[in-house]
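Take a look at the structure set out below.
The values are calculated or read from the model by the stated rules, or taken from the named source; none is laboratory data. Here the structure is a predicted model, which is why all the values come from computation and not from measurement. Positions of Cβ are generated from backbone atoms using ideal geometry, with glycine treated the same way; all protein chains shown enter the neighbour counts.
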Amino acid sequence: MSAALPEYYFRVRENGAVVFKIDTENRQRRIEMDQIAVINIRNGEVKPHGQGTLTEADKTEIARWMDERKALLARRDVDDIHRTIDHLNLTTQWAQSKATDTQLEDITDRLLLAMHDLRTVLVRKKADRLEKG
């Protein structure tokens with residue numbers, strides 16, 4: 001662990017984070033984490049913990065973290081899509097070369113419906129972009 005700890009710690013949760021202020025300036029030099037807020041990344045809501053109020057420095061750091069987190073999640077979304085393309089290609093190869101009739105029977109309808117749904121959305125979105133362009 002590095003000598004200098006950050007001033008804030010963000011415990012990530014499904015829709016955001018719990019924000020803690022880090023304190024090492026106590027007699028025992030123990031790390032104390034005081035919860036100061038809860039963040040909802042989807043709607044941008046920041047709720048101070050208990051009856052506490054957030055300082056301008058707290059608000060600035062929380063806003064910075066939220067911006068970075070949103071950018072990270074957006075990059076992960078795109079990366080997941082690229083992985084999905086790879087998985088579809090691997091699934092095609094598996095279906096063509098390794099799958100048994102029983103395995104294909106188990107997955108074919110669900111996979112075809114999911115692919116049809118995806119194709120419908122992609123075609124509609126492409127048409128919308130072409131109309132705008």
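If a residue must be surrounded by fewer than 10 Cβ atoms within 10 Å (Cβ to Cβ) and of a type in the set (Ser, Thr, Tyr), how many such residues does region 70-96 contain?
Number of matching residues: 0.
Those residues that are small (Gly, Ala, Ser), loosely packed, with under 12 Cβ neighbours inside 10 Å and within 20 Å of residue 68 (Cα to Cα), I need them from region 8-54; list them, please.
Once the filter is applied, which keeps residues that are small (Gly, Ala, Ser), loosely packed, with under 12 Cβ neighbours inside 10 Å and within 20 Å of residue 68 (Cα to Cα), region 8-54 yields only 44.
Tally up the residues in region 99-133 that are loosely packed, with under 10 Cβ neighbours inside 10 Å, at pLDDT 95 or above and assigned to a loop (DSSP other than H, G, I, E, B), please.
Going through region 99-133 one residue at a time, the tally reaches 1.
Got a number for residues in region 23-70 being of a type in the set (D, E, K, R), more than 27 Å from the chain's Cα centre (by Cα) and within 12 Å of residue 7 (Cβ to Cβ)?
2
For region 8-33, what are the residues that are in contact with a Lys or Arg (Cβ under 9 Å, 6 or more places away or on another chain) and at pLDDT 95 or above?
Passing the criteria: 8, 9, 10, 12, 16, 17, 18, 19, 20.
Can you name the number of the only condition in (1) closer than 30 Å to residue 118 by Cβ; (2) of a type outside the set (Val, Ile, Thr); (3) surrounded by 10 or more Cβ atoms within 10 Å (Cβ to Cβ) that residue 58 fails?
So the condition that residue 58 fails would be (1).
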